[in-house]
Each structure stands twice: as C-alpha cells, then as structure tokens.
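The values are calculated or read from the model by the stated rules, or taken from the named source; none is laboratory data. Keep in mind it's a predicted model, so treat the numbers as computed, not measured. Glycine also receives a Cβ, built like all others from the backbone with ideal geometry; neighbour counts cover every protein chain displayed. Note: accessible area is taken over every heavy atom of the protein model, side chains too, but ligands, DNA and RNA are not part of it. Shrake-Rupley method; radii C 1.70, N 1.55, O 1.52, S 1.80 Å.
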Amino acid sequence: MSNNQDLAARDLKVLWHPCTQMKDHEQWPPIPIKRAFGVWLEDFEGNRYLDAISSWWVNLFGHAHPAINAALKDQLETLEHVLLAGFTHEPAIALAERLTQIAPKGLTRCFYADNGSSAVEVALKMSVHYWRNEGQPQKTRFMTLENSYHGETLGALGVGDVGLYRETYAALLLTPIRVMSPDAYQRADDETAKDVALRAIADLKRALDSQGHEVAALIIEPLVQCAGGMRMYDASYLTLVREACDHYGVHLIADEIAVGFGRTGTLFASNQGPITPDFLCLSKGLTGGYLPLSAVLTLESIYEAFYAEHLAQKAFLHSHSYTGNALACRAALATLDLLNETTLARNHRLAQHMLASVETLQDHPNVAEIRQTGMILAIELVQNKKARKPFDKGERLGHRVYRHGLSAGVLLRPLGDVIYFMPPYVISPDEIELMGKTAVEGVHQALKNH
Ligand SMILES: *Cc1c(COP(=O)(O)O)cnc(C)c1O
C-alpha cells in the first residue's frame, strides 16, 4: 500500500519539480495526490485539500467532471491522435468552429499548439512572418508591458518581464521594448485606475513614436497580469491600446492563456474593451484542466497573407508532434459545453461571495489591498500599508500562509506575498467560506509571529 511518506521519498529520488528549490522539500516533502473530484484533491492518507488555485489556473469545472470524463472515454475508443498535417479530424474541426464563433468578432482562423508558451511563440512568429510577407521585413521587434509574463520557453520568456528569470537566462533571450504597465496598484493617492491606464498609454505612444517602425507586435495580458502577482488594471486600457496599435501599424497579441474562458467575468477579457486583438492566445482552461492544448486565433486578413503557391513561398512554418491532439480537443469541446451565460451569472455571485469571505482583512495593517476581477481575488501583504512597502523576500510571509492553508485543508499557493483565489467555477458557497476563513486565519497567524 502506498502512503504519503513512501511516495514522497520515491519522488525525491527521481523527480525534479517545476519552479521549485528542491532543497525546500527536505523540510516540506511534496504531497502525493491519489485522486481528485470537484474542487477537492485527496492524498494517500485521506487528507483533502481545496484546490483554490485550480491547479495553476487550468481547472474550470472541477476535477473528474462526469461530462468531460464521458467525452474523453468516448473519444478514446474512437481516435486518440493523428497528425494534423495532411490529415484532420472531427474534434479539431468542431473546436476551431466553436472557438471562432465565441471569440471576439473577426477572429476566424484557429492554429493549434500544445501549451501556452508555444501559443505565444506561434503568435510572435506569425506576426513577424506576416510583416515579412507584406514587404515590411524590418518589423521584427516586440513590445511588452512591465511585470508581464508570457511563459517560460525562450521566445515566450523573452517577451516577458519576470526579473529573476530574465536575469538568469539573459544570454538566451530577445530584447523587447518594455513599456509601462497599466497596473492600478501603482496609482498615486489622488489617482484612479483609469488615470494609471492613461499614463501607461502615454508611455506606450512615446515608445511607438520613436520605435514603432521596427515593431511587429505588442503583447499584453488583458485585465490581469497573473504571474506578476495578480495585478489588475482598468478596462479602458484595452480600447486605447487597440487604437494605438492600429494607429502605428503594430499587431496586438492578447495573451488570454490565464484569463480566458470566463475567468474575468466575461467569456474573454478582451470583451471588456471590447476589442478584437490580431492574435488571441488560449490555453490553460481550454481543456478544463485535463490535457495540454493551446490555440492561437487570428484574423482572415493575416491568414490570407500566408496563402500562396508553395510552402517555401509564404507558408507559416511551425508544427508540434501533438498539434491538435484529438483527446485534448474533445476535452475542450466538453468544457465549452459547460461554459455559458448561466455559468457567468453564477460566477458573478460566487465572486461577490469570495470578496465577502475575506472582507475583514481590508483594514489589516499589513494588507495593502484586496483586489478582484471576476473569479480572481488577490490579497497583497506588505510591511507598510500606507507606503506599500513590501516585506523582505526572506520573510516568506506568503509561504507561511500557504503552510497554514495546507494544514487547514486549503491549497493557497501564493505568488510571493500575494495570496489569491482562482478556484474552479464549481466551488460552492460553503467551500468559499472555508477558503476565505482559512486565508484570513493564515494571514493573521503569519503576521502574528513574524
Ligand atoms: C501560464 C501562462 C503562459 C504559459 O503557458 P504554459 O502552458 O505554462 O506554457 C503564458 N501566458 C500566460 C498569461 C500564462 O498565465
């Protein structure tokens, strides 16, 4: 019989975990999960953990959802996978039809890849290749926002702005033009979120004025910079950024890998502009958290610039072995069947409930703010509330809240000192109560003994 301890010991002999200082596991071994259902993960000793972060933001309708399970079993008996070059299959076609139907108007073409970073790289390559096909080969650079995150393969990492990562791998990375983020956390006392968005647009325009001619695309995370600490911004930025990109002849890439599929309160965050980006990158929630898959949606006019007689002439050069995997596409179709107006309305109520569950922390002297966009709620811990001075990294307050959460049966993996909720949409009001109560207790405890 397997138990937590034996499995953790075997794990630590052979595995190397992502985004982890493995030495930490001497003190806190990894938790082996035996099974999962709804919002719950269960280990080998019967302990349960409420998955408050949707297993890194991928799970939309809970673990082991009966409808997605059934669709996958059926697909497994029919077709597991076939190459997507020269061949095609029903789930890939049906999913592309569905995605282009529900996406912002004008996005009529769907290109598949198999993870978020690859989707970002597809969009980057398509943009540069488009300009080359259109006789503008000088447009090869990218613009990115401060504090942005677009994945961790070299191209995706190269257009992100995650300090430690950029520094460590600098020798391997692109050097994009970095412009101000509209992140509302940066607001001065007399500023609104919209004022910050306007300042960010002014900064963007300055950069476009001097360098727009060499820029292929600007990449943004619409509404929430998730990995950057769940930093949120005003929707007016989306409309203004679209106008600026049009004016300067620069593509707009909307990386909705984390915020797509209802996370921000609308089906896509871009809907809150509303805007149509030139490229829309989707992954994470796409398959409901079941299988790796990503898609890049784009405009017919961009697709047409690649249409010619021979491969060597203009065709887009990109493929992955598992491009458009049939099981993954089928999981995505079953997930989209569950996502409708009713889900969004229910999420709206759940979101209010999430806020109410931690409301008492608003006045805590070490809580800079509680912010929320749809089904994402974040609590940022600071040493000094007024000056928003962060704690020293070594204090690991976020980590302390995380440890408290695990002991109370809630998985609250933080981003530094930002504690956040990003739960599956099937979470119940009672489960929200537990999640909120645990976070509140965790914050009090962590700060009491620090
Ligand atoms: C997670 C994420 C990515 C990268 O996706 P992976 O599947 O982890 O490669 C890219 N952009 C954003 C906004 C993300 O949150």
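Of the residues that sit in the range 4-33 and are touching a residue at least 24 places away in the same chain (Cβ under 8 Å) and open to solvent by 50 Å² or more (accessible area, probe 1.4 Å), which one is nearest to the chain's Cα centre (by Cα)? Explain how you work it out, then say what you get.
Residues of the range 4-33 touching a residue at least 24 places away in the same chain (Cβ under 8 Å): 4-5, 7-8, 28-29, 31-32.
Then drop every residue that is not open to solvent by 50 Å² or more (accessible area, probe 1.4 Å), which leaves 5, 28-29, 31.
On the way: Q5: 32, W28: 27, P29: 27, I31: 24 Å.
Checking each candidate, the answer is I31.
Among the residues of the range 143-154, which ones are on the phi < 0 side of the Ramachandran plot and open to solvent by less than 20 Å² (accessible area, probe 1.4 Å)? If the condition is that a residue be on the phi < 0 side of the Ramachandran plot and open to solvent by less than 20 Å² (accessible area, probe 1.4 Å), then M143, T144, L145, S148, H150 are the ones that fit. Filtering the range 63-80 for residues that are within 30 Å of L311 (Cα to Cα) and in contact (Cβ under 8 Å) with a residue 24 or more places away in the chain leaves a non-empty set.
Scanning the range 268-283 for residues that are in a loop (DSSP other than H, G, I, E, B) and under 13 Å from V122 (Cβ atoms) returns D278, S283. Hey, any hits in the range 349-356 for a residue that's touching a Phe, Trp or Tyr at 6+ places or on another chain (Cβ under 9 Å), touching a residue at least 40 places away in the same chain (Cβ under 8 Å), within 29 Å of W28 (Cα to Cα) and open to solvent by less than 70 Å² (accessible area, probe 1.4 Å)? Yes: the range 349-356 contains one or more residues that are touching a Phe, Trp or Tyr at 6+ places or on another chain (Cβ under 9 Å), touching a residue at least 40 places away in the same chain (Cβ under 8 Å), within 29 Å of W28 (Cα to Cα) and open to solvent by less than 70 Å² (accessible area, probe 1.4 Å). Residue-level check: of (1) within 16 Å of the ligand (Cβ to nearest atom); (2) in a helix (DSSP H, G or I), Q211 misses just (1). Any chance the range 403-414 includes a residue that's without any contact (Cβ under 8 Å) to a residue 24 or more places away in the chain and over 21 Å from the mean Cα position of the chain (by Cα)? For the range 403-414, residues without any contact (Cβ under 8 Å) to a residue 24 or more places away in the chain and over 21 Å from the mean Cα position of the chain (by Cα): present.
Residues of the range 151-204 that are within 16 Å of the ligand (Cβ to nearest atom) and in a helix (DSSP H, G or I): L154, G155, A156, L157, G158, Y165, R166. Selection of the range 284-311 for residues being of a type in the set (V, I, T) and either farther than 13 Å from D114 by Cα or in contact with a strand residue (DSSP E or B) (Cβ under 6 Å, 6 or more places away or on another chain) (or both) yields V296, T298, I302.
Just wondering, is there one or more residues in the range 122-134 that are under 17 Å from the mean Cα position of the chain (by Cα) and either within 16 Å of the ligand (Cβ to nearest atom) or open to solvent by less than 70 Å² (accessible area, probe 1.4 Å) (or both)? Please lay out each step first, then the result.
Taking the range 122-134 first, the residues under 17 Å from the mean Cα position of the chain (by Cα) are 122-123.
Narrowing further to those that are either within 16 Å of the ligand (Cβ to nearest atom) or open to solvent by less than 70 Å² (accessible area, probe 1.4 Å) (or both): 122-123.
Yes, because at least one residue in the range 122-134 is under 17 Å from the mean Cα position of the chain (by Cα) and either within 16 Å of the ligand (Cβ to nearest atom) or open to solvent by less than 70 Å² (accessible area, probe 1.4 Å) (or both).
Taken together, L350, L333 contain a single residue that is in contact with a Leu (Cβ under 9 Å, 6 or more places away or on another chain) and part of a helix (DSSP H, G or I), which is L333.
Please verify whether the range 360-373 includes one or more residues that are among the basic types (K, R), in contact (Cβ under 8 Å) with a residue 40 or more places away in the chain and surrounded by fewer than 18 Cβ atoms within 10 Å (Cβ to Cβ). If you could, list the steps in order and put the result at the bottom.
We begin by selecting, within the range 360-373, every residue among the basic types (K, R); these are 371.
Now narrow it down to the ones that are in contact (Cβ under 8 Å) with a residue 40 or more places away in the chain: 371.
Then drop every residue that is not surrounded by fewer than 18 Cβ atoms within 10 Å (Cβ to Cβ), which leaves none.
No: the range 360-373 contains no residue that is among the basic types (K, R), in contact (Cβ under 8 Å) with a residue 40 or more places away in the chain and surrounded by fewer than 18 Cβ atoms within 10 Å (Cβ to Cβ).
Among residues of the range 375-420 being among the acidic types (D, E) and assigned to a loop (DSSP other than H, G, I, E, B), the one that is least open to solvent (accessible area, probe 1.4 Å) is D417. For the range 50-87, the tally of residues that are within 16 Å of the ligand (Cβ to nearest atom), in a helix (DSSP H, G or I) and either touching a strand residue (DSSP E or B) at 6+ places or on another chain (Cβ under 7 Å) or open to solvent by 50 Å² or more (accessible area, probe 1.4 Å) (or both) stands at 1.
Only one of L327, L240, L311, L267 is more than 15 Å from the ligand (Cβ to nearest atom), at negative phi and modelled with pLDDT under 95; which? Lay out the reasoning, then the answer.
Numbers: L327 fails: modelled with pLDDT under 95; L240 fails: modelled with pLDDT under 95; L267 fails: modelled with pLDDT under 95.
That would be L311, the only listed residue that is more than 15 Å from the ligand (Cβ to nearest atom), at negative phi and modelled with pLDDT under 95.
With respect to E256, is the statement that it is free of Cβ contacts under 8 Å to residues at least 60 places away in the same chain and either surrounded by fewer than 24 Cβ atoms within 10 Å (Cβ to Cβ) or not assigned by TED's automatic domain parsing to the domain that holds L95 (or both) true? Answer is no for this residue.
Just to be sure, is T108 assigned to a helix (DSSP H, G or I), touching a residue at least 60 places away in the same chain (Cβ under 8 Å) and not basic (K, R)?
Numbers: assigned to a helix (DSSP H, G or I): no; touching a residue at least 60 places away in the same chain (Cβ under 8 Å): yes; not basic (K, R): yes.
When the stated conditions are applied, T108 does not pass them.
Filtered by the rule that a residue be of a type in the set (D, E, K, R), out of contact with any Gly (no Cβ under 7 Å at 6 or more places or on another chain), open to solvent by 20 Å² or more (accessible area, probe 1.4 Å) and in contact (Cβ under 8 Å) with a residue 24 or more places away in the chain, the range 216-246 gives R231, D234. Considering the range 272-288 alone, what residues qualify as being within 15 Å of the ligand (Cβ to nearest atom) and out of contact with any Asp or Glu (no Cβ under 7 Å at 6 or more places or on another chain)? Selection gives P277, F279, S283, K284, G285, L286, T287, G288.
On the stretch given as the range 289-307, residues that are within 12 Å of the ligand (Cβ to nearest atom) and either part of a loop (DSSP other than H, G, I, E, B) or surrounded by fewer than 21 Cβ atoms within 10 Å (Cβ to Cβ) (or both) total 4.
Any chance the range 94-108 includes a residue that's at pLDDT 95 or above, under 22 Å from L238 (Cα atoms), within 16 Å of the ligand (Cβ to nearest atom) and open to solvent by less than 40 Å² (accessible area, probe 1.4 Å)? No: the range 94-108 contains no residue that is at pLDDT 95 or above, under 22 Å from L238 (Cα atoms), within 16 Å of the ligand (Cβ to nearest atom) and open to solvent by less than 40 Å² (accessible area, probe 1.4 Å).
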